[in-house]
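So the structure is just underneath, and the comments pick up after that.
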Amino acid sequence: MTAPSTAPSPTAQKPLAFELSREREAQLLAGARKSVRVTTGKIWALRVLIIALWLGSWEATATYLIDPFFYSKPSLIWDRLVQWFSTGTQFGSVWENLGFTVLEAVLGFVIGTVAGIVLGVLLGRSRFLAEVFSPFIKAANAVPRIVLAALFILWFGFDISSKVATVVVLVFFAVFFNAFTGAREVDGNVVNNARILGASKAKILTSIVLPSATTWILSSLHTAFGFALIGAIVGEYAGAKKGMGMLIANAQGTFDAAGIYAGMIIVTIVALLAEMLITTAENKLLKWRPSEAKTQAQGI
């Protein structure tokens with residue numbers, strides 16, 4: 001009489017191997033995420049250390065070696081920020097001035113982005129139109145923006161319209177060239193196959209060209225919003241009734257170095273917050289991209 005076999009059957013080994021594979025994958029992902037967290041913590045610690053050393057050396061240098069009247073120092077800049085946000089400026093609340101600048105930047109950003117995407121994709125898909133308009137676009141892009149800001153003030157006055165026009169010009173070219181390149185980089189074989197299958201030009205544009213150019217367009221938005229704030233500040237600096245650019249120009253006219261730095265810091269913080277929002281939107285729109293943790297776990 002033979003003893004019954006204790007070895008697991010092949011059908012029992014398959015679920016066991018599958019469970020081991022899932023556990024191994026989970027361990028690799030957990031290890032990759034932990035590594036990312038540790039690296040991120042080190043990066044932020046180093047950033048804080050660099051900022052602390054920079055501000056400390058600036059404070060000491062401005063106290064003992066250079067004249068703070070011209071170069072200011074972190075403590076004076078902090079005092080100016082506290083003053084602006086607690087008691088306001090001589091031109092009203094700092095929030096009101098900041099609101100004007102952000103409104104100008106956002107309006108110009110939206111208009112310039114839409115125009116840049118539409119014309120960039122249109123010319124990117126039509127070589128004939130691209131050849132026709134190429135010299136005009138290059139010439140317009142070569143015009144100094146500060147000259148345009150002054151010209152817009154003559155045309156539209158000191159109101160918001162002149163600032164928005166300046167922002168639109170800066171944003172348009174930043175988005176246009178990326179949209180143009182993205183539309184040109186679409187795989188021709190995919191487009192030809194879609195045409196063979198009977199897809200219309202509109203269907204090809206919305207289903208193939210625009211999704212393919214999305215990465216190019218979204219990457220340009222990071223730079224474009226920075227240009228939007230620059231355009232608003234330049235327009236206000238040239239002439240305005242409200243805005244952060246006007247506060248910076250007034251601080252320069254009164255030899256208030258701390259006020260200049262304070263205005264720059266406020267605008268920089270707004271730019272960083274906008275960058276975070278754009279990055280979040282980009283990550284949601286491009287969910288098809290593999291995450292860093294999965295990529296590291298798979299050894300790619």
Q. Taking only pairs six or more apart or across chains, which ones have beta-carbon atoms under 6 Å, a first residue in the stretch 128-145 that is free of Cβ contacts under 8 Å to residues at least 24 places away in the same chain, and a second residue that is open to solvent by less than 60 Å² (accessible area, probe 1.4 Å)?
A. L129/L123
Q) Within the group V168, V110, V114, which residue is in contact (Cβ under 8 Å) with a residue 40 or more places away in the chain, within 22 Å of I217 (Cα to Cα) and among the β-branched types (V, I, T)? A) V168
Q: Quick one: which residue in T254, T280, T268, T215 is surrounded by 14 or more Cβ atoms within 10 Å (Cβ to Cβ), at pLDDT 75 or above and polar (S, T, N, Q)?
A: T215
Q) What number of residues within the stretch 93-139 satisfy the criterion of being open to solvent by less than 40 Å² (accessible area, probe 1.4 Å) and more than 20 Å from G243 (Cα to Cα)? A) 12
Q. In the stretch 52-77, which residues are more than 13 Å from D256 (Cα to Cα), surrounded by 11 or more Cβ atoms within 10 Å (Cβ to Cβ) and under 28 Å from the mean Cα position of the chain (by Cα)?
A. W54, L55, P74
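The values are calculated or read from the model by the stated rules, or taken from the named source; none is laboratory data. The structure displayed is predicted, hence computed values, not measured ones. A quick note on method: Cβ atoms are made from the backbone with ideal geometry, for glycine too, and the neighbour counts reach across all protein chains shown. Side chains are part of the model used for accessible areas, which takes the heavy atoms of the whole protein and leaves out ligands, DNA and RNA. Shrake-Rupley method; radii C 1.70, N 1.55, O 1.52, S 1.80 Å.
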